[in-house]
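So the structure is just underneath, and the comments pick up after that.
FYI, it's all coordinate maths here, none of it is from the lab. Just so we're clear, the structure is a prediction, and the values are computed from it rather than from any experiment. Cβ atoms come from the backbone with ideal geometry, glycine included; neighbour counts cover every protein chain shown.
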Amino acid sequence: MKREDVQKLDQQDELSSYKKEFYTSPGTYYMDGNSLGLLSKRAEETLLTSLQDWKQHAIDGWTEGRQPWYYMSETIGSLTAPLIGAKAKEVINTGSITTNIHQLSATFYKPKGNKTKIIADELNFPSDIYALKSQLKLHGYQPDEHLIQVQSRDGRTLSEEDIIEAMNEEVALLLLPSVLYRSGQLLDIKRITEAAHHHNIIVGFDLAHSIGALPHQLHAWGVDFAVWCTYKYLNSGPGGTGGLFVHEKHLGRAPGLAGWFSSSKDKQFDMNHELTPADSAGAFQIGTPHILSSAPLLGSLEIFQEAGIERIRSKSLQLTQLLMRLIEEDLAPYDFVIANPREDARRGGHVSLVHPEAASICKALKNEGVIPDFRAPNVIRLAPIALYVSFEDVYDVVCKIKDIMKNNKQQQFSNQRGTIA
Ligand SMILES: *Cc1c(COP(=O)(O)O)cnc(C)c1O
């Protein structure tokens, strides 16, 4: 493929105008938006508005600010809902993935008789597994016996058949990633949910690597709950406040971990010792919302609303297709293995490249202005983010990888990971 062909794709790209809304640095190719999304001017502006509200209104910022803090978690929830196919009341901006897993396990994991087990998988991000194990221990169960971690056949992907095979009447809860963080595999959420409900298993999904990258239909699929972070594809900034979804059929249920922000909003300031939980997903908040870590989302989600998640997904698929094609055409002699599934319906927003020298190649790439992401022991993740990566950027990135490999530039660097990798 030639540069001119790729430039043509940029000319036809309906989303190309969004790139200038983000702070990109000249001469760098940011391929790590699946770990920390870039700052947009709109997110910066809504963060500054919240600071201004504090400066100007002090305590009255809760209700009188231009972006009233008291309702911000709900407002962001309703802006997030279209990205996941949810009703506004099913979504709230709160916590982090890990604290939200704790909250929703405390709410939905109700072991009874023989129905005590939890299904997860052996490839998930460690924090999800730590949370599930500690929840089991809180109930007095040994994780060795009660946590079923579905095994991978190839060390990279999961088979939906194997997941369904693991289901039985002894399983109370299931928690899986929508998109696997290393291989980028997208699981069939609808199929897994239906199969689990057949055994009365409560179904939760972790959308860390799919929210903001692709559309979902959580309400229609009947998923019981979901959690996500917002600092990856949703560009909320480091430690940005996460979110959760609880299906309408469960609303009205008391939160497993209660706090005063679980309250129905009009009752909260009665200061009563009997909690009246909100009849929305707001019931699963605990304490005072992290306003300054949420405010950037007001601006960021406006971009998603305008651009539309279907268009974002469609460009993202084109970008990852192009990336895979160029890797195959131009990097054939260099032992890279594309580790993500190739079918559109089975992959998320990043390409996962396996190479024995992955760590040193990532360092060489950074040295040349390409920001990839390394996951030990041998995975390079490249995420061409639809809102701020162009087709020509993808072309340049592959040229740079080729140049490194051709000239053995990676050998100047040790093949060890850094502290944050
Ligand atoms: C990023 C990520 C996390 C991080 O959890 P936090 O509580 O937000 O720090 C957890 N799980 C998965 C699958 C992730 O990708």
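Structure above, values below:
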{"item": "Difference of contour (0.36 nm per residue) and Cα-Cα distance, residue 330 to residue 57", "result": "92.5 nm"}
{"item": "Prolate/oblate/rounded call for segment 9-122, Cα gyration tensor, a/c under 1.5 rounded", "result": "oblate"}
{"item": "Within the chain, helix-based [θ] at 222 nm, where runs of 4 or more DSSP H residues each add -39,500 (n - 2.57), nearest 500", "result": "-11500 deg cm²/dmol"}
{"item": "Using a Förster distance of 45 Å, the FRET efficiency for residue 49-residue 11 (Cβ separation, nearest 0.05)", "result": "0.80"}
{"item": "C-alpha center-to-center spacing [segment 10-54, segment 263-333] in angstrom", "result": "15"}
{"item": "Kyte-Doolittle at least -1.0, axis length at least 24 Å by Cα - qualifying DSSP helices, the chain", "result": "291-307, 309-330"}
{"item": "Of all DSSP beta bridges in the chain, antiparallel share, percent nearest 5", "result": "55"}
{"item": "Under 19 Å from the Cα of residue 400 - lysines, other chains or at least 8 residues apart", "result": "2, 363, 366, 409"}
{"item": "Low-density loop positions, trypsin sites (Lys or Arg not before Pro), segment 332-375 - DSSP coil, at most 16 other Cβ in 10 Å", "result": "342"}
{"item": "Likely footprinting exposure, 99, 116, 63, fewest C-beta neighbours within 10 Å first", "result": "63, 99, 116"}
{"item": "Förster radius 25 Å - calculated FRET efficiency between residue 151 and residue 199, Cβ distance, rounded to 0.05", "result": "0.80"}
{"item": "Rounded to whole Å, sorted largest first: equivalent-ellipsoid semi-axes of the chain, Cα gyration tensor", "result": "36, 28, 18"}
{"item": "Among 340, 114, 367: highest mean-square fluctuation, GNM of the chain, C-alpha pairs under 10 Å", "result": "114"}
{"item": "About the Cα centre, charge dipole magnitude for the chain (Lys/Arg +1, Asp/Glu -1 at Cβ), debye", "result": "480"}
{"item": "Whether segment 162-211 is rounded, prolate or oblate, judged on the alpha carbon gyration tensor where a/c under 1.5 counts as rounded", "result": "prolate"}
